[in-house]
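*Asks:* Take a look at the following structure, please.
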Amino acid sequence: MVSLSPPNTPRDCQNWIAGSPTATNGEKTTVLSPYFGVPIATVSASTADDVALAVRAAETAAPAWRNTPQRERANFLGRYRGLLLERADHLSQVVALESGKTVDEARAGLLRGIEVIDFALSVPNADFGGALEVSRGVRCEIVREPLGVVLGITPFNFPAMVPLWMLPMALVTGNCFVLKPSDKVPATACELAALSAEAGLPRGVLSVVHGAKDTVQALLEHPSIRAVAFVGSTPVARSVYSQAALHGKRALCLGGAKNHLLVAPDADPDLTVKAIVDSFTGCAGQRCMAGSVMVTIGSKAQSLVERVVASAKELRLGTTLGALIDAAAKTRLEAAIARAVEQGAEVLLDGRKCVTPAQYAGGNWLGPTVLSGVKPGMDCASQELFGPVLSVIQVDTLDQALELERQSPFGNATSIFTSSGAVARYVTERATSGMLGVNVGVPVPRDPFSFGGSKQSKFGQGDITGPSAVEFWTQLKKITSKWALQTDATWMS
């Protein structure tokens, strides 16, 4: 088990512009580790002038990068991939220390991001263009071209994975990429940028600008940024999407979730219990794919709740369960649990009573929490809590369980636990979420299958990974050509 420790001196996280660390002009803040509650970094917000400097560097680099053959762009990603794997131990500790993940979770997220690089490396061998003789002597052709300078705004909970969902596909298709990471986790972005230079990425092709709301606004208003990808909460996703559209930019913004885990009477007990516990406690519940509502169908399925509680009780803070991102998150979650009790829920497992290990006394900790007797109208059943809290709702029929899923304004993920293929098909044909699982607690598609939800979990068209990413980061140029007068001409030729 890898043990974490805070640095002796907080790291100064600067912007990355034109291939070098660059100081910013905005207000400086201190970043506290979720594990220890002590300073681990400082970061300064980027002003509109800082944003303009980064975009100008990207614009300068764009023509040469656009004209670099795609296979050569992929070669860079191959070298980058090698460095990420080589430094995986170090990167995993950086991610864990600033985001609150366990080191194993941090490594898993990094490796999942590297899988997107694997897909990006295949893009030069795929045919995403095309040409056809459409009539006598007339040929139509489509050519994919990069958009130019594009933007990724990423959340605190996956400091390495989510940037790596965006960056490889944006770069391999010929764009210059500006990354705006969460101001809660600036260090990982600095590491990713430094490794890109070591891998030989030309100056200006990747920029990192730190900051919060004002920085995002300056980026969204900059006329040279052509597209925006965002991952975060639904209210912010909606706002970013609206602002991007207002300023004429292409946008794909992924928001929050309230994922349902439907448990049929014939569910495999061992598989189901492990999947549900892993789903609602993984990353301390701070992920949009966490299953936060367990819907038991009938009394037999309800009997599994006790096993879920017993299994979750075995988790240990700092070892098999990570920390919450900040003190505000802990306060918010504790209030949500208290409110659930006020509304009639029963606390079967109370994470507020977990004992924090002495070495993590200053951190932000909440143990696994299981709420039973939850009714659909309660806040804990409908709002995204973003913590290791599971709400259990009991229903009598599968259709009642599906109705709960359909009524949710969110649409990221739904899973059904069953031994029946017919039941699984019934659910996957009727559920409204964008990502569905059968006996899988966290149904994240692996490349080349794409990631993306529905309803208020996604604003914009397409998905963030897989072939949809090629569509998002490129535009089509259509060419119709004719080289000779045809004696047997049709209306088209």
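The values are calculated or read from the model by the stated rules, or taken from the named source; none is laboratory data. Since this is a predicted model, take the numbers as computed values, not measurements. Using ideal geometry, Cβ is built from the backbone for each residue, glycine included, and neighbour counts are taken over all protein chains shown. Side chains included, ligands, DNA and RNA excluded: accessible areas come from the protein's heavy atoms. Shrake-Rupley method; radii C 1.70, N 1.55, O 1.52, S 1.80 Å.
*Asks:* Looking at Pro168 and the list (1) farther than 23 Å from Thr465 by Cβ; (2) at pLDDT 95 or above, which single condition is not satisfied?
*Replies:* (1)
*Asks:* Among the residues of region 344-356, write down those that are in a loop (DSSP other than H, G, I, E, B) and either surrounded by fewer than 14 Cβ atoms within 10 Å (Cβ to Cβ) or of a type in the set (Gly, Ala, Ser) (or both).
*Replies:* So in region 344-356, the residues in a loop (DSSP other than H, G, I, E, B) come out as 344-345, 350, 354-356.
Of everything in region 344-356, those that are in a loop (DSSP other than H, G, I, E, B) and either surrounded by fewer than 14 Cβ atoms within 10 Å (Cβ to Cβ) or of a type in the set (Gly, Ala, Ser) (or both) turn out to be Gly344, Ala345, Val355.
*Asks:* Now for a separate question. For region 253-269, check the following and say yes or no: at least one residue is in contact (Cβ under 8 Å) with a residue 12 or more places away in the chain and more than 30 Å from Gly351 (Cα to Cα).
*Replies:* Taking every residue of region 253-269 in turn, at least one turns out to be in contact (Cβ under 8 Å) with a residue 12 or more places away in the chain and more than 30 Å from Gly351 (Cα to Cα).
*Asks:* Determine whether region 87-109 contains at least one residue that is within 13 Å of Leu171 (Cβ to Cβ), open to solvent by 70 Å² or more (accessible area, probe 1.4 Å) and not basic (Lys, Arg). So that I can check it myself, show each step before the final result.
*Replies:* We begin by selecting, within region 87-109, every residue within 13 Å of Leu171 (Cβ to Cβ); these are none.
There is no residue in region 87-109 that is within 13 Å of Leu171 (Cβ to Cβ), open to solvent by 70 Å² or more (accessible area, probe 1.4 Å) and not basic (Lys, Arg).
*Asks:* Within region 414-441, can you find the residues that are in contact with a helix residue (DSSP H, G or I) (Cβ under 9 Å, 6 or more places away or on another chain) and in contact (Cβ under 8 Å) with a residue 60 or more places away in the chain?
*Replies:* The answer is Thr414, Ser415, Ile416, Phe417, Thr418, Ser420, Val423, Val427, Ser433, Asn439, Val440, Gly441.
*Asks:* Okay, next question. Would you check which residues across region 405-422 are surrounded by 13 or more Cβ atoms within 10 Å (Cβ to Cβ), aliphatic (A, V, I, L, M) and over 10 Å from Lys258 (Cβ atoms) and list them?
*Replies:* Ile416
*Asks:* For the subset of region 462-481 comprising residues that are open to solvent by 30 Å² or more (accessible area, probe 1.4 Å) and part of a strand (DSSP E or B), which member is farthest from Leu151 (Cα to Cα)?
*Replies:* Let us first name the residues in region 462-481 that are open to solvent by 30 Å² or more (accessible area, probe 1.4 Å), namely 467-468, 471, 475-481.
In the following step, the residues that additionally are part of a strand (DSSP E or B) were identified as 475-481.
Details: Gln475: 16, Leu476: 19, Lys477: 22, Lys478: 25, Ile479: 28, Thr480: 32, Ser481: 35 Å.
Only one residue tops the list, namely Ser481.
*Asks:* Give, as residue ranges, the strands (runs of 3 or more DSSP E) completely inside region 1-93 that count at least 1 residues that are closer than 20 Å to Ala193 by Cα and not aliphatic (A, V, I, L, M).
*Replies:* Filter on region 1-93 gives 11-13, 15-17, 20-22, 39-44.
*Asks:* Can I ask one more? Taking region 423-447, which residues are open to solvent by less than 60 Å² (accessible area, probe 1.4 Å), more than 21 Å from Ser468 (Cα to Cα) and of a type in the set (Ser, Thr, Tyr)?
*Replies:* Within region 423-447, just Thr428 meets the criteria.
*Asks:* Now for a different question. Before we move on, is Ser3 out of contact with any strand residue (DSSP E or B) (no Cβ under 7 Å at 6 or more places or on another chain), closer than 27 Å to Asn364 by Cα and open to solvent by 30 Å² or more (accessible area, probe 1.4 Å)?
*Replies:* When the stated conditions are applied, Ser3 passes them.
*Asks:* Are there helices (runs of 4 or more DSSP H) fully within region 266-342 with at least 2 residues that are farther than 24 Å from Leu404 by Cβ and within 26 Å of the chain's Cα centre (by Cα)? List them. Working first, answer last.
*Replies:* Values: elements: 269-281, 298-302, 304-313, 327-342.
Ranges flagged: 327-342.
*Asks:* Answer yes or no as to whether Met161 is of a type outside the set (Asp, Glu), over 28 Å from Pro69 (Cβ atoms), open to solvent by less than 30 Å² (accessible area, probe 1.4 Å) and at pLDDT 95 or above.
*Replies:* When the stated conditions are applied, Met161 passes them.
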